[in-house]
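Working notes, structure below.
The values are calculated or read from the model by the stated rules, or taken from the named source; none is laboratory data. Values in this document were obtained by computation on a predicted structure and should not be read as measured data. Cβ: placed from backbone, ideal geometry, glycine included. Neighbour counts: every protein chain shown. Surface accessibility is based on the protein's heavy atoms, side chains included, excluding ligands, DNA and RNA. Shrake-Rupley method; radii C 1.70, N 1.55, O 1.52, S 1.80 Å.
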Amino acid sequence: MNLHHLKVFLAVADAGSISAGAERLHISQPAVTREIRDLEASLDLRLFDRLPRGVQLTEGGLRLLDYAQRIFSLERAAERDLRDFAQLEQGELHLGASATLGSYLLPPLLTRFRALHPQIFVSLEVSNTDVVTRQLDEGLISLGFVEGPFARADYAHRLLARDALLPVAAPHHPLAASDTLAAERLQDYPLYMREPGSGARVSVEQAYRAHGLEPRAGMAIGSTEALKRLLTDGQGIAWLSQRVVERELASGELRHLPVQDLQIERELHVLWRLGASLSPAPAAFLALAQVPE
């Protein structure tokens, strides 16, 4: 039995005759007769009784009719489902992002995506670069947005933007009133950093060591928002994304320390599994993910 035989059988059963079935299928009557005989031979069972006018299903034909109707109903459902999936009428989008991207850059993109494709279920987990790459490896997410270094040979990736990390402190910090600062002066004060595995932390550690400084963490916190609040103690210094501290710098809640001899810049990337074909939803989101410099 194959689907073509079954389709011919169903057309004849629905139409009530070989000629009417052939007309529905736009093929010749001899071809329909041949297909029915081949099907009956393969099953070793007569499916139709030939009448003077038309055909009538046998008991075996009636049993097969029930299966044929269900099979082609399922075929139509599969076609509808895949068509809706391809046209973003249904589906899911699972994303992972490290802190700055997940908290500050992706929300506007998600709003635009939802406006365009409201039927798509979207989930976003905000963590750090190490967690995001692990989620990609395990197939838990389709796209990962990271701020830190990653194994470039292991992932398909696209550069989204470059982001400056600024040294910031409370306005009453001893260095806040300085006109210019050398980076080595920062070593006299606690360095507040993100947790191990964070892209921001790796960027700071690499930049410090390249400058001959030792990045000694006075505190490690898994939240950028918590880091900003902890700086109000007037003792710590943190290197935070310019995008993250714009409001606090404008309001005077934090001060940008004028370090002249050390600038830290990092790249923001979107990653996906190497060699993997993106489904329609992540492919559409990737097309939107062009973060302005």
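When you look at residue 215, is it open to solvent by 20 Å² or more (accessible area, probe 1.4 Å) and of a type outside the set (Gly, Ala, Ser), yes or no? No: the conditions fail for residue 215. Of the helices (runs of 4 or more DSSP H) lying entirely inside the stretch 215-293, the ones with 1 or more residues being farther than 30 Å from residue 123 by Cβ are found at 242-251. The set of residues in the stretch 12-32 that are small (Gly, Ala, Ser), assigned to a helix (DSSP H, G or I) and either more than 13 Å from residue 64 (Cα to Cα) or open to solvent by 90 Å² or more (accessible area, probe 1.4 Å) (or both) comprises 15, 19, 20, 21, 22, 31.
Residues checked against (1) out of contact with any Leu (no Cβ under 7 Å at 6 or more places or on another chain); (2) surrounded by 14 or more Cβ atoms within 10 Å (Cβ to Cβ); (3) hydrophobic (A, V, I, L, M, F, W, C):
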{"position": "168", "(1), (2), (3)": "no, yes, yes"}
{"position": "185", "(1), (2), (3)": "no, yes, no"}
{"position": "202", "(1), (2), (3)": "yes, yes, yes"}
{"position": "205", "(1), (2), (3)": "yes, yes, no"}
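For the stretch 108-153, the set of residues classified as open to solvent by 70 Å² or more (accessible area, probe 1.4 Å) and in a helix (DSSP H, G or I) consists of 108, 111, 112, 114, 115, 116, 130, 134, 137, 152, 153, listed by residue number.
Residues are listed down the side, and each one gets a yes or a no for (1) surrounded by 12 or more Cβ atoms within 10 Å (Cβ to Cβ); (2) modelled with pLDDT under 95:
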site: 243; (1), (2): yes, yes
site: 251; (1), (2): no, no
site: 261; (1), (2): no, no
site: 275; (1), (2): no, yes
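Considering (1) surrounded by fewer than 20 Cβ atoms within 10 Å (Cβ to Cβ); (2) more than 19 Å from residue 278 (Cα to Cα), the lone condition that residue 156 does not fulfil carries the number (2).
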